[in-house]
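> The structure under discussion is supplied below as structure tokens; questions concerning it will follow.
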Amino acid sequence: MNDDSTRWDERYRGAEFLLGTEPSRFLAERIEEVKRLCPGRKALDIACGEGRNSIFLARQGFSVTGLDISPVGLAKARGWAEREGLDCDFRLVNLENYRIAETYDLIINFNFLLRDLIPREVAALTQGGVILFDTILESPTAPVPHRKDFLLQPGELARLFAAYPGTIRYVAEFPVDPNPTAKLLFQKA
Ligand SMILES: C[S@@+](CC[C@H](N)C(=O)[O-])C[C@H]1O[C@@H](n2cnc3c(N)ncnc32)[C@H](O)[C@@H]1O
């Protein structure tokens, strides 16, 4: 498909799950609050990779769509969901310039940053719907990815979401962690 697709396919090629089979800690910690806030149970997992967070949400009763550019990652995610009989639909897409055609009660965006996609995510939320965001923060201890624009700047995540009608229910930055991140929970008005 493109360079990102090829690179991630190579990383996901092994039998092991590169990012593990446990959900993101932030998602697991927030899931009860998310379920309380969400008006329904339709979820979208942005850049879902091998599906660890999609699978977790489906086990929690969500009907999940996962989007990613890596056919290899998606094949692993599909196989996993099938083995467990879970309600997941994994779709091969390039999120650059991708139009999110449906609406969702929950959108998760983990370990992936495409700033232009954020307005499309907010537009695709149902009223009262929730976005959970957790990705790498620029910091002296951050592992340096090949593109600096994949890193959030300090204060940026809160600034990006302050532009939308709704409530930032949680935002925090962890600049000295081995993997520095910024995390946010936003609920649309
Ligand atoms: C660090 S992984 C995160 C996977 C998952 N969110 C997680 O936390 O387990 C980044 C993911 O972004 C996907 N990706 C990179 N560029 C993309 C693009 N343009 N469109 C869709 N997915 C993309 C990669 O294939 C990879 O699965």
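The values are calculated or read from the model by the stated rules, or taken from the named source; none is laboratory data. Quantities reported herein were computed from a predicted structural model and do not represent experimental measurements. Cβ coordinates were reconstructed from backbone atoms using ideal geometry, including for glycine residues, and neighbour counts include every protein chain displayed. Side chains included, ligands, DNA and RNA excluded: accessible areas come from the protein's heavy atoms. Shrake-Rupley method; radii C 1.70, N 1.55, O 1.52, S 1.80 Å.
> Mind checking which pairs have a first residue in the range 96-109 that is at pLDDT 95 or above and a second that is more than 16 Å from the ligand (Cβ to nearest atom) and in a loop (DSSP other than H, G, I, E, B), Cβ under 7 Å, 6 or more apart or different chains?
Going by the 7 Å Cβ cut-off, the qualifying pairs are ASP105/CYS38; ASP105/PRO39; ASP105/GLY40; ASP105/ARG41; LEU106/CYS38.
> Which of the helices (runs of 4 or more DSSP H) contained wholly in the range 1-115 include at least 1 residues that are open to solvent by less than 60 Å² (accessible area, probe 1.4 Å) and acidic (Asp, Glu)?
Filter on the range 1-115 gives 3-12, 25-37.
> Are any of the residues in the range 59-71 more than 14 Å from the chain's Cα centre (by Cα), within 23 Å of GLY40 (Cα to Cα), more than 9 Å from the ligand (Cβ to nearest atom) and of a type in the set (Lys, Arg)?
So far as the range 59-71 goes, yes, one or more of its residues are more than 14 Å from the chain's Cα centre (by Cα), within 23 Å of GLY40 (Cα to Cα), more than 9 Å from the ligand (Cβ to nearest atom) and of a type in the set (Lys, Arg).
> Name the residue that is modelled with the lowest pLDDT, counting only residues in the range 130-174 that are part of a helix (DSSP H, G or I) and of a type in the set (A, V, I, L, M, F, W, C).
The selected residue is PHE150.
> Let me ask you something else. Could you please let me know if GLN127 is more than 9 Å from the ligand (Cβ to nearest atom), open to solvent by less than 60 Å² (accessible area, probe 1.4 Å) and at pLDDT 95 or above?
Here the answer is no, as GLN127 does not meet what is asked.
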